[in-house]
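Please read through the structure below; I'll follow up with questions.
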């Protein structure tokens, strides 16, 4: 009898889940140009950033960073919940960091 081992959490899995959530919850309104990274950080489990051209201030892309601590848990459920939270940041606008606009968007998932 073969044992069923859970697949290791990968960036590709996060990308697929992002695309699925974008279709299902955000009607494909979130940006497609998003980079996902796992980084060593102690201040939070994840963070979303926008990169702009220094001269023109034109938008280049978004990046969602997951902490190594979160990644080492290897819990898809936790990672996907954090991913959804970061996607709410994108939907609300990164300048709406945990304010009323962000909370109104987040509450749709409670």
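Derivation of every value follows stated rules applied to the coordinates shown; laboratory data play no part. A quick note: this is a predicted structure, and the numbers were derived from the prediction, not measured. So basically every Cβ, Gly included, is an ideal-geometry build from the backbone, and we count neighbours across all protein chains shown.
If we restrict to alpha carbons, what Rg and Dmax does the stretch 11-109 come to, in Å?
13.4, 40
If you fit an axis through the alpha-carbon atoms of helix 11-26 and take the longest principal axis of the Cα set of the chain, what angle between them do you get, 0 to 90°, nearest 10?
60 degrees
Further question on the same structure: Could you list 88, 38 so that the one with the fewest beta carbons within 10 Å of its beta carbon is first and the one with the most is last?
Placing the least packed residue first, the sequence is 38, 88.
Fewest Cβ neighbours within 10 Å first, please rank 25, 36, 66, 51 accordingly.
Ascending Cβ contact count within 10 Å gives the list 51, 25, 36, 66.
Using a 10 Å cut-off around each Cβ, can you sort 35, 48 from fewest to most neighbouring Cβ atoms?
So the residues, fewest neighbours to most, are 35, 48.
Just want to confirm a number: the relative contact order over the chain, from Cα pairs under 8 angstrom separated by 6+ residues, in percent.
About 25 percent, as a whole number.
With runs of 4+ DSSP H residues as the only contributors, calculate the mean residue ellipticity of the chain at 222 nm using -39,500 (n - 2.57) per run, divided by the residue total and rounded to the nearest 500.
-13000 deg cm²/dmol
Rounded to the nearest 10 degrees, what's the angle between the helix 76-92 long axis and the longest principal axis of the chain, both from Cα atoms, 0 to 90?
Value to nearest ten degrees: 10.
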